[in-house]
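Following: one structure in structure tokens, then a few remarks.
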Amino acid sequence: MGITMTEDRVYNFSAGPSILPESVLQRARDEMMNCRGSGMSVMEMSHRSPAFTEIFTETKQKFRDMLRVPESHEILFLQGGATLQFAAIPMNLMENAAADYAVTGNFSGKAAKEAEKYGTVRLACDTGGTGHDRIPAQAELSLSPDAKYFYYCANNTIYGTEWQYVPETDAPLVCDMSSDILSKPVDVSKYGLIYAGAQKNMAPAGLTVVLIDKSLAGRELPYTPQIMSYRMMIEHDSLLNTPPCWCIYMLSLVLDWLKEQGGTEGMEQLKKERAKLLYDCLDDSRLFHAHALPGSRSDMNVTFRTGDATLDAEFVRFAASRGLVNLKGHKVAGGMRASIYNAMPMEGVKTLAETIKEFERNHV
Ligand code: PMP
């Protein structure tokens, strides 16, 4: 089944939790009362039962295959959202020493602030001066020789910028891929650690996927809580305590759907098409303009505005009346934001572009 929508549903441009593929929701509905002949829903299964163990093992393998995760890296299914990782990363990897943080948006800023509790944070860059409208080039990054790791956020959900390259550093790369994971192929072997909250491209909220180079585990500070220790979680295959069972099951269905869509290569092609359509429309517009600069623009979160907050609010209402919802930008950035994740049908993006043009005709 392709990426389509039935008539009674809206085009949901929410930044997260966000749109899920319709066929996945339908499959979850069909398996709700009796999952795989168990006579119960996944929500009712013990996480130690054979039925759930099968789902867990399959999901992990499907994820490994989908992102070609090398055997050097463990796949962890954790809780606590991406925000827990802001603390878990320095607790496990900073060794009370120093780390480089590239601050290119809201969440990398929050991660850097959290890390200050556990060691010395060195700013590799900070794009706050220009409203986080761009990603710095490699040559602009200031790298420290004693950094335990280099931290960055691949896609800035709020400001709508996305790294178009993988930074080159001597220190292990640690990356927040919450809002662009599974939207393109990634060479996981280049990273010490990748993490992502599930609620954008993967599953409902409640699951965080961590991919960690196993050689980095075991350096946690002595007071690190068990559930935040990568070493403990690797030893227990993420089952130190009850995992987010339902979200893991939903991820499994999303991974099946992704495979049918051509995997991460298929998604990369689609995401470029979706984003080009919107950015072309905004660049041609006399009323709206895109926030992020060309060369730094996100294919996942397209941020735009008119420059007049009242007009922006009118546009958000106009779009909602046409079934295009959740286009209001994040409060720290203002304006509009169209989150066009993997599950967004091209038809939704085309309808948004037409709506932008129609609103412009009525106002210019
Ligand atoms: N990182 C990024 C890139 C995000 O977009 C978000 C949430 N939107 C977070 C971190 C924080 O995620 P959570 O709410 O799951 O802690």
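The values are calculated or read from the model by the stated rules, or taken from the named source; none is laboratory data. Being a predicted model, the structure only gives us computed values, none of them experimental. Note that each Cβ is placed from the backbone with ideal geometry, even for glycine, and that neighbours are counted across all protein chains shown.
Listed values, structure above:
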item: Pair list, Cβ under 6 Å, 6 or more apart: segment 96-123 residue closer than 11 Å to Tyr152 by Cα, other residue part of a helix (DSSP H, G or I) and among the aromatic types (Phe, Trp, Tyr); result: Ala111/Phe86
item: Filter result for the condition that a residue is without any contact (Cβ under 8 Å) to a residue 60 or more places away in the chain and among the β-branched types (Val, Ile, Thr), over Ile194, Ile227; result: Ile194
item: Selection status of Glu74, at pLDDT below 95 and not basic (Lys, Arg); result: no
item: In segment 315-337, the residues that are in contact with a Ser or Thr (Cβ under 7 Å, 6 or more places away or on another chain), over 24 Å from Asp133 (Cα atoms) and touching a residue at least 60 places away in the same chain (Cβ under 8 Å); result: Leu324
item: Test for Ala319: is it in a helix (DSSP H, G or I) and either closer than 21 Å to Arg9 by Cβ or among the aromatic types (Phe, Trp, Tyr) (or both); result: yes
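Every residue, every condition in (1) under 23 Å from Phe56 (Cβ atoms); (2) touching a Pro at 6+ places or on another chain (Cβ under 8 Å), yes or no:
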site: Ser189; (1), (2): no, yes
site: Leu239; (1), (2): yes, no
site: Pro244; (1), (2): yes, no
site: Ile248; (1), (2): yes, no
site: Leu277; (1), (2): no, no
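Yes/no per residue for (1) more than 26 Å from Gly105 (Cα to Cα); (2) out of contact with any Ser or Thr (no Cβ under 9 Å at 6 or more places or on another chain):
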position	(1), (2)
Trp246	yes, no
Met250	yes, yes
Glu265	yes, yes
Lys272	no, yes
Ala309	no, yes
Ala313	no, yes
